[in-house]
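Working notes for the structure below.
The values are calculated or read from the model by the stated rules, or taken from the named source; none is laboratory data. Source: prediction; values computed, not measured. Heads up, the Cβs are rebuilt from the backbone with ideal geometry, glycines too, and the neighbour counts pull from every protein chain shown. Calculation scope for accessible area: heavy atoms of the full protein, side chains included, ligands and nucleic acids excluded. Shrake-Rupley method; radii C 1.70, N 1.55, O 1.52, S 1.80 Å.
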Amino acid sequence: MVRDSYSLACSPKATLDILSNKGKGIAFADYSAHWQLHRRLVMAAFSLFKDGDQKLEKISECQAGPRGWGWIPPEPLEGEEVCQEISILCDVLATHDGQSIDISFPVFMAVTNVISLICFNSSYKYGAPELKTVETYNEGIVEALGKENLVDMFPWLKNFQRQKAKICLQERLWQLEKQNGRGVDLTFLFTSQIFPNKTLEKLKTCVKIRNELLNKIIGNYKEKFRSDSITSMLDVLMQAKKNADNGNASPDQDAELLSDNHILTTIGDIFGAGVETTTSVVKWIVAYLLHNPQVKKKLYDEIDQNVGFSRTPTVSDRNCLLLLEATIREVLRIRPVAPMLIPHKANVDSRCACPPSNL
């Protein structure tokens, strides 16, 4: 796979086609000019938070106050959004001192707002209906992806009894086109009618909810977009689209590859994957520390010795918080967020290396 990485850089269809809006985005798209362009733009956006004006170092720093770590002044200073989310999460946990608590939603809310800050330079207040919407469709997508799908394992089923399916679906297709006034997703229609699949149906419903939410966010974002203020991943993608539309982009930045649907899917990939994976890792870290109090005590001492209580830990402190770094990596080893990685398929005829015949 290392030697022939490009020939195996495609994804199986059916399930992933629904999630990627027919091969768009970067998570489930095939290796192509579109994938290369969007990956490059995403990496450029990440550099804003690594080395640029939006460094996580700058947006996570805040001084401690009467309440210790994560104290927020009455009017939070600009750039303290990450610290504010940490403070809110700590406050929620503190109010349940000695009592059992389901940390799923508090952790989800904190992570969602941090990822939202990176993607959209905005966040949600507690109780915002959008948070529940994100949680609902995210859980639905993860659940659907975790189940085996017959069509993904046996792609030839899509061609099974095609002629018979054409006759059976002709009237249904005509009705849907008349009702919607536009074309119909034949792949999903075929698989759902000939091989009824509740998982695919649920996945499509969740993706529809996701797209409606992101379309609303992107639509509102367009109204306030400014080329002289690039502060989020959506800004980077919109600026690239603007440059392509105006003919000011490099030849590989084709305007057709930066359509609203392409941008929506790429943002959806980063937002969805960032929220789900980070939330999962944080919950597993908490679970393992509860079962290993001696490690929790050592981590507390390490942070106390290297950071103290006068400020919150920052990204640059990771170099001196070796036990904390090792703990995070050990949890990722024991509970990887994607044990089997993303499914791949060969896009050309390939061969596997065979052992010598004399072995």
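Quick rundown of the values:
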{"read-out": "Residue match in the range 53-62 (condition: closer than 27 Å to D304 by Cβ, open to solvent by 30 Å² or more (accessible area, probe 1.4 Å), modelled with pLDDT of 65 or more and of a type outside the set (G, A, S))", "value": "no"}
{"read-out": "Scope the range 94-127; condition β-branched (V, I, T) and under 15 Å from the mean Cα position of the chain (by Cα); matching residues", "value": "V111, T112, V114, I115, I118"}
{"read-out": "Hits in the range 310-342 (condition: outside any helix (DSSP H, G or I), polar (S, T, N, Q) and loosely packed, with under 11 Cβ neighbours inside 10 Å)", "value": "S310"}
{"read-out": "Number of the condition not met by T133 [criteria: (1) more than 19 Å from I285 (Cα to Cα); (2) surrounded by 17 or more Cβ atoms within 10 Å (Cβ to Cβ); (3) modelled with pLDDT of 90 or more; (4) polar (S, T, N, Q)]", "value": "(2)"}
{"read-out": "Residue count, the range 95-131 (criterion: in a helix (DSSP H, G or I), without any contact (Cβ under 8 Å) to a residue 40 or more places away in the chain and more than 22 Å from L234 (Cβ to Cβ))", "value": "2"}
{"read-out": "Qualifying residue in the range 246-263 (condition: under 16 Å from the mean Cα position of the chain (by Cα) and open to solvent by less than 40 Å² (accessible area, probe 1.4 Å))", "value": "yes"}
{"read-out": "Top-ranked residue in the range 219-242 [being among the charged types (D, E, K, R) and free of Cβ contacts under 8 Å to residues at least 24 places away in the same chain; ranked as nearest to R39 (Cα to Cα)]", "value": "K241"}
